[in-house]
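Presented below is the structure to which this report refers.
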Amino acid sequence: MIYAAQNADGGNRLIWSLRLSPSVQAIVQGPMSCGASVHGKTGYHDFHPSIPADYWWHSVVTDLQLDRQYQLEAKCDFTATNGHTTAPGTVRYTVKFTMHSR
């Protein structure tokens, strides 16, 4: 889910959340390590070194400039299983966005 808010005081922000689908949650074995950053926005990062597969990840990116393109990149690494063997697994989530002044 993505929600953007423009404030008259210049506090433009992007509110986002990510929850893995039940089918992906089912193959995750043990905790995940997840991190997010926004290209074009220095100082923003959100990192969780050990979260469960059903975690509802949410965050807020603040003080965004209007009419500038940004790219949110989130990634979770985990051990995946198919019931017979395990292997490294990764989920990536990328969104390009611009908050327009008009």
Relative contact order for the chain: what percent, with Cα pairs under 8 Å and sequence separation of 6 or more?
29
Neighbour net charge for Val24 - beta-carbon separation under 15 angstrom, K R +1, D E -1:
+1
Take region 2-98, compute every pairwise Cα distance, and split them into 5 Å bins from 0; I just need the percent in each bin.
3, 12, 23, 20, 14, 11, 8, 5, 2, 1, 0, 0
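Since every read-out is calculated from the coordinates, none of them should be taken as a lab result. Just so we're clear, the structure is a prediction, and the values are computed from it rather than from any experiment. Ideal geometry is used to build each Cβ from the backbone, glycine not excepted, and the neighbour counts take in all protein chains shown.
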